[in-house]
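**Student:** A single structure is presented below for examination.
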Amino acid sequence: MVFGRQKRVITRLLICEDEPLIAFDNEYALTEEGFEVVATVDKVADALAVLDADPDVHLVLADVSLADGSGIELARQAHARGVAVIFCTGDCPEGGRAFARGCLAKPYRPADLIDAIAAVDGQLQGRIRPRRLPRGFSLFDQEAAA
């Protein structure tokens, strides 16, 4: 494909974010970009309930510090189900690298979030690492975690 977009493998997303304005902004930007937001929740327990109820979630966007627990635990559980995770947080956790595909540092622009998802989508499709990653995004090496 010379012009246009590559087909996405990530289309259905779960947002786990406890800051309402960020959650709303993410949901709006992603829906406008053509993603299906399965749910937007603010607790680890609610996110796990969504993953239990809907096995066709492709990606979890997880804050690390949540009211009822850690986004790292959510990432561990999602990874065990074969669901990719991007941490969206102010402080990217070293302890979560084995369970997530990357980390986008807050604050970020909606375009950076969309580009981070595209980088993970490319990684899932076996494409080589993009030449340029969005500002504040770290794409984790998934050889050990895959």
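The values are calculated or read from the model by the stated rules, or taken from the named source; none is laboratory data. Quantities reported herein were computed from a predicted structural model and do not represent experimental measurements. Using ideal geometry, Cβ is built from the backbone for each residue, glycine included, and neighbour counts are taken over all protein chains shown. Note: accessible area is taken over every heavy atom of the protein model, side chains too, but ligands, DNA and RNA are not part of it. Shrake-Rupley method; radii C 1.70, N 1.55, O 1.52, S 1.80 Å.
**Student:** For the chain, give the share of DSSP beta bridges that are antiparallel, in percent and rounded to the nearest 5; count only bridges with both residues there. Show your work: numbers first, answer last.
**Tutor:** Details: 5 of 22 bridges.
Restricted to the chain, the bridges split so that about 25 percent are antiparallel.
**Student:** State to the nearest 20 debye the size of the charge dipole of the chain about its Cα centre, where the only charges are +1 on K and R beta carbons and -1 on D and E beta carbons.
**Tutor:** Roughly 880 debye for the chain.
**Student:** So, one more: Mind checking which of 28, 116, 79 is farthest towards the positive end of the chain's charge dipole, using Cβ charges of +1 (Lys, Arg) and -1 (Asp, Glu) about the Cα centre?
**Tutor:** 116
**Student:** Here's another thing I want to ask about it. Where in the chain lies the longest segment free of GluC sites (Glu not before Pro) that are both loop residues by DSSP (not H, G, I, E, B) and have at most 15 other Cβ atoms within 10 Å?
**Tutor:** It works out to 34-142.
**Student:** Quickly estimate the mean residue ellipticity at 222 nm for the chain, helices only: each DSSP H run with n ≥ 4 gives -39500 (n - 2.57), and the total goes over all residues, rounded to 500.
**Tutor:** Numbers: 4 runs with 48 residues, N = 146.
Using -39500 (n - 2.57) per qualifying helix, the result is -10000 deg cm²/dmol.
**Student:** Within the stretch 27-97, list the trypsin sites (Lys or Arg not before Pro) lying in a DSSP loop whose Cβ has at most 15 other Cβ atoms in a 10 Å radius. Show your work: numbers first, answer last.
**Tutor:** Numbers: sites: 43, 76, 81, 97; in loops: 43, 81, 97.
Here the sparse-neighbourhood loop sites are 43, 81.
**Student:** Please name whichever of 125, 88, 45 sits farthest to the positive end of the charge dipole of the chain, dipole taken about the Cα centre and charges placed at Cβ: Lys and Arg +1, Asp and Glu -1.
**Tutor:** The one lying farthest along the dipole's positive direction is 125.
**Student:** Please state the relative contact order of the stretch 38-109 as a whole percent: Cα pairs under 8 Å, 6+ residues apart?
**Tutor:** About 27 percent, as a whole number.
**Student:** Of 139, 14, 60, which is farthest on the positive side of the dipole of the chain, counting Cα position, with +1 on Lys and Arg Cβ, -1 on Asp and Glu Cβ, and the Cα centre as origin?
**Tutor:** Projecting each Cα onto the dipole axis, the largest value belongs to 139.
**Student:** Here is a further query. So which cysteines in the chain don't have a second cysteine's C-beta under 4.7 Å from them?
**Tutor:** Singleton cysteines: 16, 88.
**Student:** Still on this model: Helix 20-32 sits at what angle to the longest principal axis of the chain, using alpha carbons and giving 0 to 90 degrees rounded to 10?
**Tutor:** That helix lies at roughly 30 degrees to the long axis.
**Student:** Right, next: With a Förster radius of 30 Å, plug the Cβ-Cβ distance of residue 45 and residue 11 into 1/(1 + (r/R0)^6) and report the FRET value to the nearest 0.05.
**Tutor:** Computed FRET efficiency for residue 45 and residue 11: 0.75.
**Student:** Here is a follow-up. Which semi-axes, in whole Å and largest first, does the equivalent ellipsoid of the chain have when worked out from the alpha carbon gyration tensor as the square roots of 5 times its eigenvalues?
**Tutor:** Numbers: eigenvalues 89, 56, 48 Å².
Here the semi-axes work out to 21, 17, 15 Å.
**Student:** Only Cα pairs under 8 Å and at least 6 apart count here; give the relative contact order of the stretch 2-146 as a rounded whole percent.
**Tutor:** That works out to 19 percent.
**Student:** Per the 1.4 Å probe, what fraction of the accessible area of the stretch 19-113, in percent, lies on carbon and sulfur atoms?
**Tutor:** On the way: 2350 of 4410 Å².
On the stretch 19-113, the fraction of accessible area on carbon and sulfur atoms equals 53 percent.
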